[in-house]
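S.K.: Here it is, the structure in full.
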Amino acid sequence: MNLDWETIRSQVAWRGRFPVLVDEIRSLEDAREMTYTYLGIGAGAVVVLALDDADRAVCVRQYRHPMRRVVRELPAGHIDRGEDRMLAAHREFEEETGMRLGHLEHLGSYVPVPSLADFSMHMYFGHTLTPGRQQLDENELLEIERVPIRELHQDILDGREPVVSMSYTVLFAAANGRLPL
């Protein structure tokens, strides 16, 4: 069975924070056609799990409009076109938290919602924090929260943390022996 589809037409339906793309596609198996709408997010994103000297995860709390509530997340952000992923992780962490990382390592990558966008989330683990300079984007309003990593890990296992980038990164770091659990 041929599971691939070809693009017949493609257009940008809307330009905003992320462009919305609309493609007309055709199945190579049976020639059926459909309209597919998705986000053109770009170069990917980074998420950073960083522990302080007391084994607390540095988290941010901020309002997320699609969820209509404030959620706890790990510092994260988009990679600028042409930017090195590791440098983006350092940059995003400092911009959001006002702290620099002395140690940072890549844990792995995943595609969060393959039906909605083609971008990878690159997970990082860091420690050895020093003062830096917080530089929030004009649309960011957040507070820093330090959460004992054991508590955060348990909250994730108990289903109390809905944000996949944080859950997956913490669970991946734990499974790979990076966390003092």
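S.K.: Condition check: in a loop (DSSP other than H, G, I, E, B), over 19 Å from the mean Cα position of the chain (by Cα) and within 30 Å of residue 175 (Cα to Cα). Does residue 43 satisfy that?
M.R.: Answer is no for this residue.
S.K.: With the checklist (1) outside any strand (DSSP E or B); (2) touching a strand residue (DSSP E or B) at 6+ places or on another chain (Cβ under 8 Å); (3) loosely packed, with under 14 Cβ neighbours inside 10 Å in hand, flag the one item residue 96 doesn't pass.
M.R.: Here residue 96 meets the rest and fails (3).
S.K.: Could I ask something else about it? Can you confirm whether region 167-179 contains a residue that is closer than 18 Å to residue 64 by Cβ, assigned to a loop (DSSP other than H, G, I, E, B) and charged (D, E, K, R)?
M.R.: Within region 167-179, not a single residue is closer than 18 Å to residue 64 by Cβ, assigned to a loop (DSSP other than H, G, I, E, B) and charged (D, E, K, R).
S.K.: In the set 81, 17, 9, which member is assigned to a strand (DSSP E or B), out of contact with any helix residue (DSSP H, G or I) (no Cβ under 9 Å at 6 or more places or on another chain) and open to solvent by 80 Å² or more (accessible area, probe 1.4 Å)?
M.R.: Exactly one residue qualifies, and that residue is 9.
Residues are listed down the side, and each one gets a yes or a no for (1) of a type in the set (D, E, K, R); (2) at pLDDT below 95; (3) in contact with a Cys (Cβ under 6 Å, 6 or more places away or on another chain):
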site: 17; (1), (2), (3): yes, yes, no
site: 50; (1), (2), (3): no, no, no
site: 53; (1), (2), (3): yes, no, no
site: 62; (1), (2), (3): no, no, no
site: 81; (1), (2), (3): yes, yes, no
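S.K.: Return yes when residue 150 is basic (Lys, Arg), open to solvent by 70 Å² or more (accessible area, probe 1.4 Å) and in contact (Cβ under 8 Å) with a residue 60 or more places away in the chain and no when it is not.
M.R.: Yes.
S.K.: Tell me, yes or no, whether region 96-104 has at least one residue that is touching a residue at least 24 places away in the same chain (Cβ under 8 Å), within 24 Å of residue 43 (Cβ to Cβ) and small (Gly, Ala, Ser).
M.R.: no
S.K.: Let me confirm something: among 90, 103, which residue is open to solvent by 40 Å² or more (accessible area, probe 1.4 Å), more than 22 Å from residue 17 (Cα to Cα) and either in a strand (DSSP E or B) or among the acidic types (Asp, Glu) (or both)?
M.R.: 103
S.K.: Identify, from the list 110, 124, the residue that is surrounded by 14 or more Cβ atoms within 10 Å (Cβ to Cβ), within 15 Å of the chain's Cα centre (by Cα), among the aromatic types (Phe, Trp, Tyr) and closer than 22 Å to residue 18 by Cβ.
M.R.: Checking each option against the conditions leaves just 110.
S.K.: Of the conditions (1) assigned to a loop (DSSP other than H, G, I, E, B); (2) open to solvent by less than 60 Å² (accessible area, probe 1.4 Å); (3) in contact with a His (Cβ under 7 Å, 6 or more places away or on another chain), residue 140 satisfies every one except a single condition; which number is it?
M.R.: Condition (3) is where residue 140 drops out.
The values are calculated or read from the model by the stated rules, or taken from the named source; none is laboratory data. Fair warning: this is a prediction, and the values are worked out from it, not measured in the lab. Heads up, the Cβs are rebuilt from the backbone with ideal geometry, glycines too, and the neighbour counts pull from every protein chain shown. Heavy atoms of the whole protein, side chains included, go into the accessibility calculation; ligands, DNA and RNA do not. Shrake-Rupley method; radii C 1.70, N 1.55, O 1.52, S 1.80 Å.
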